[in-house]
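The values are calculated or read from the model by the stated rules, or taken from the named source; none is laboratory data. From a predicted model like this one, the values you see are computed outputs, not experimental measurements. In this analysis, Cβ positions are derived from the backbone assuming ideal geometry, glycine residues included, and neighbour counts consider all displayed protein chains. Just so you know, the surface numbers come from the protein's heavy atoms only, side chains and all, with ligands and any DNA or RNA stripped out. Shrake-Rupley method; radii C 1.70, N 1.55, O 1.52, S 1.80 Å.
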Amino acid sequence: MRFTLLVMIAITIALYLGGWSARWAVDHSSEIGTVVVGQWQATPFAGAPDADPYSKARLAVLGNLTLGIGEGIQFRSNADEAGRPLRRECSYVIAGTTPPARIFTLAAYQPEGQLIRPSAGRPGWLTSNNLMRDDDNAFKIAVGPRTMAGNWLATSGTGPMTLMLALYDTPASAASGASSLALPSIRRGDCLDG
């Protein structure tokens, strides 16, 4: 009886430590295969059939779909150009250009991966075919909870957020040279809490 109890305790400890170490490895391996461009990060091979096991595990935990290698590339940012975390109650200006792409989308997400839903009647994303642009094809997009003139991505609530810039049908989807791309900057404005 004592031997059976010791075996059960050993199995319980092994399962707990194995689960904990697997979760720790998935949470702390985000830099594997990651390309960094300014404030933006991408994992170009996350949707590939031969992606590394950590990328596959992160996708399984989040439950989000990702773009395949030939479909495009998704860049995400959790911080502005000064390195401050993005907040839903603050306003930001995203300015610049994107690499050539048939279309791109910009959306704000909660850290857990859910789309931030602004107030009724406002979409939670912008697409490149609806943007006002300068003569040199550059654009400025205001992001925040307050109504803004021009290109505006509405947010709501308080707390951290992640901006996702998805480029579809673009030569930038190949990992070669993805780190040398020019992506828009993210400048912080004022915040509702001061």
Inset, instruction - Please list, ordered by first then second residue, the pairs with beta carbon atoms under 7 Å, 6 or more apart or interchain, first in the range 71-90 and on the phi > 0 side of the Ramachandran plot, second open to solvent by less than 10 Å² (accessible area, probe 1.4 Å) and not in a loop (DSSP other than H, G, I, E, B). - result: G72/A166; G72/L167
Inset, instruction - Would you check which residues across the range 113-151 are in contact (Cβ under 8 Å) with a residue 40 or more places away in the chain and open to solvent by 90 Å² or more (accessible area, probe 1.4 Å) and list them? - result: K140, R146
Legend entry - Looking only at the range 152-173, and only at residues there that are of a type in the set (G, A, S) and open to solvent by less than 40 Å² (accessible area, probe 1.4 Å), the one that is modelled with the lowest pLDDT: S173
